[in-house]
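The values are calculated or read from the model by the stated rules, or taken from the named source; none is laboratory data. This is a predicted model, so every value here is computed, not measured. No Cβ is skipped: glycine too gets one built from the backbone with ideal geometry, and neighbour counts run over all protein chains shown.
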Amino acid sequence: MLIQESHIDAKSTANGKESTMRIFVFHPAIPGFPNARFPGVCLFSEIYQGSVRRRFRLSLHPALHADIWWAVTGPVARFARQIAGQGYIVAAPSSYHDFTGPEPLKYDAADTDKGNQYKIQKTLESYDADSYATVDHLLSLPTCTGLIGATGMCLGGHLAVRAALDPRITACVSYFATDIHSRTLGPHSSANTSTDAPPDSIHTLDQFDRFKGEVAMIFGVKDTHVPDAGRDLIRAKMRAAGVVASFHEFAWAQHAFIRDELSKGRYDPAVTKVCFEVLLEVFGRVLKTDLGVKGNVPAVEHDC
């Protein structure tokens, strides 16, 4: 499967303000079949959203150079290509368009602080508007079958889960989603890990009853961003809401274990491979298979 990479600038409106959001698109291509149709996948980045700039110098003159902008951070771009190569149209929005353009955020302390600040300044309404616009774009493509999934890592893992509250998304695979258990995405006064929802809460943790599709949650047990109690809370709330959900916890995996660049020693390729198989199973079954109308599911027999 070949891949064509491009981008579009979409309008996103939230909190009475309109802004332009860049969506990077990774489109599978089969030579000789220009009308082939594929499911779509919304891919949400970590806090280091944006493109990665590389400068090269033309050999004809040492003073000449040009800037090339890769679509998203290196690990996310490679992840997008992996998914697209399996026959999915991947759309990756730039989450921080409220504050900046699609400039690169580096894997360093300064830009980590910047990304963490942006993620709590941006409102939940703005995050929702972004995901809706991304789904709208995928559905506008004549090469999209109309079936949409969502995935992402870190902040993007949370955004994938939140995006899946949109009934147009029927499959979600979330990698080490931050801030769900603590209700700390977007503006907030303090962390809240109560099992009871605050009054009029629109936090993701308190909206699980809106799910219409299937969710796979992936975590590392050694993830200090989402401790045992946090993962248990997410699982309990999903179960109480009747969400069709799978939980995958890997004993020695840490936060950001799928990031193959500047991971501070946390990248685990073996576990990453297993997790990608989880993604392929869920997306393949839910997005590529014509499931038809859901019928009654017989009770599971208690048998050996």
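Some notes on this structure:
- Unmet criterion (only one of (1) surrounded by fewer than 22 Cβ atoms within 10 Å (Cβ to Cβ); (2) touching a Gly at 6+ places or on another chain (Cβ under 9 Å)) for Tyr175: (1)
- Those strands (runs of 3 or more DSSP E) lying entirely in the stretch 133-236 with at least 2 residues under 27 Å from Val90 (Cα atoms) and touching a Cys at 6+ places or on another chain (Cβ under 6 Å): 214-220
The rows are residues; the columns are (1) among the small types (Gly, Ala, Ser); (2) at pLDDT 95 or above.
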residue: Glu214; (1), (2): no, yes
residue: Ile234; (1), (2): no, yes
residue: Ala240; (1), (2): yes, yes
residue: Leu291; (1), (2): no, no
residue: Glu301; (1), (2): no, no
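- Test: residue in the stretch 2-11 that is over 21 Å from Val282 (Cβ atoms), outside any strand (DSSP E or B) and at pLDDT below 95: no
- Exactly one residue out of Val76, Val72 is closer than 30 Å to His225 by Cα, in contact with a Pro (Cβ under 9 Å, 6 or more places away or on another chain) and at pLDDT below 95, and it is Val72.
- Looking only at residues of the stretch 1-48 that are free of Cβ contacts under 8 Å to residues at least 60 places away in the same chain and either among the hydrophobic types (A, V, I, L, M, F, W, C) or touching a Ser or Thr at 6+ places or on another chain (Cβ under 6 Å) (or both), we find that the one that is surrounded by the fewest Cβ atoms within 10 Å (Cβ to Cβ) is Phe33.
- Identity of the residue in the stretch 133-155, touching a helix residue (DSSP H, G or I) at 6+ places or on another chain (Cβ under 8 Å) and among the small types (Gly, Ala, Ser), that ends up surrounded by the most Cβ atoms within 10 Å (Cβ to Cβ): Ala150
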